[in-house]
Amino acid sequence: MDERVKQKKFFAVQSLGQRDEQEDSYGICYEFSEDANHSQNCFILADGMGGHSGGNVASQAAIDSVKLVVDGSTFDDRTLIDSLTTANASIAECVRVNSDLEGMGTTLVVLIIVNYRAFWISVGDSPLLCLDKNHKLHRLNEDHSMKPVLDQLVETGVLTKEHPDYVKKANQLRSALTGDNITLYDLDSDGVSLAECKYLVLSSDGLNTLTLDEVRDIMVDHAENGPQEIAYQLINAIDKKCSPKQDNTTLIVIDPLLY
């Protein structure tokens, strides 16, 4: 086993929830650059959609494509964009070869850590979270579901969270990888300092069963026990909710200052 895994610099865990199939996929690239002066690690998460085999195929195709771009490369301004476009092209090719997969798609988050800085590209609603040293929880990447749009309408009094339109549309995606043109994505190629970040979490939207305050409280309560304990406690808290429509959940909890 890789020594990095033994040291628990990160920990990944998945839960099926109440679904019949696991449509989430994830991947890790260890110190992929040959440049000895830079420690570089890549974490990838994709939440597939399209039902049964379609969602699984889309998410795994995206992960495999990103790994092909990243493995053995040196991180530069093109790495993140190339990861996104290659993953999208791979999904398009899958649909071209097998028309039964028409309509499948996936979210994607590609996080690269280089010398205590985080760089990412994302499409969809899968969150990238940071718990800082002051125990505040921040979402780093954009949410491409309808929820932010609807929340603005709630703030202006046009809509309430109890309104059927809010309940029905909040989880709808404004952007995803489907093989077509990507209309909306979030790119941070300048990097964000992780000096004040205690933990990073990549997750699929199954985590949304918990409120951000609940996620924060669990992370704070178990912060001294490392990524594995945090990941397990988050999954256990989701399971205890017993949501009848619980989605797949995938979590990657990272201690960024060990990189």
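The values are calculated or read from the model by the stated rules, or taken from the named source; none is laboratory data. This structure is a prediction, so every number in the text was calculated from the model and none was measured. Quick reminder, even Gly has a Cβ in these numbers, built from the backbone with ideal geometry, and neighbours come from all protein chains shown. These accessible areas exclude ligands, DNA and RNA; they are computed on the full protein's heavy atoms, side chains included. Shrake-Rupley method; radii C 1.70, N 1.55, O 1.52, S 1.80 Å.
Side notes on the structure shown:
- Charge tally for K136 (other residues, Cβ to Cβ under 13 Å; Lys, Arg +1; Asp, Glu -1): 0.
- Loop-located GluC sites (Glu not before Pro) in region 139-172 whose Cβ has at most 15 other Cβ within 10 Å (DSSP): E162
- Among the listed pairs K136/K241; K161/K241; K169/K198, those beyond 31 Å (Cα-Cα): K169/K198
- All Cα-Cα distances of the chain, cut into 5 Å bins from zero to the largest, leave 1, 6, 13, 17, 19, 18, 13, 8, 3, 1, 0, 0 percent in each bin in turn.
- Under 20 Å from the Cα of K147 - aspartates and glutamates, other chains or at least 8 residues apart: D47, D125, E155, E162, D165, D186, D205, D213, E214, D247
- Set of region 161-205 residues, backbone N closer than 19 Å to the point 7 Å along the Cα-Cβ line of D64: 177-180
- Gain in span if fully extended, K161 to V149, counting 0.36 nm per residue against the direct Cα distance: 3.1 nm
- Q172-S99 FRET efficiency (beta carbon distance; Förster radius 25 Å; 0.05 resolution): 0.50
- Among T74, T209, T183, the sequence by solvent-accessible area, most first, with a 1.4 Å probe is T183, T74, T209.
- Charge sum, other residues only, whose C-beta stays under 12 Å from C94's C-beta, Lys/Arg counted +1 and Asp/Glu -1: -3
- Exposure ranking of D188, D125, D217 by accessible area [1.4 Å probe, largest first]: D217, D188, D125
- Applying 0.36 nm per residue to the separation of L16 and A237 and subtracting their alpha-carbon distance, the gain on full extension is 78.1 nm.
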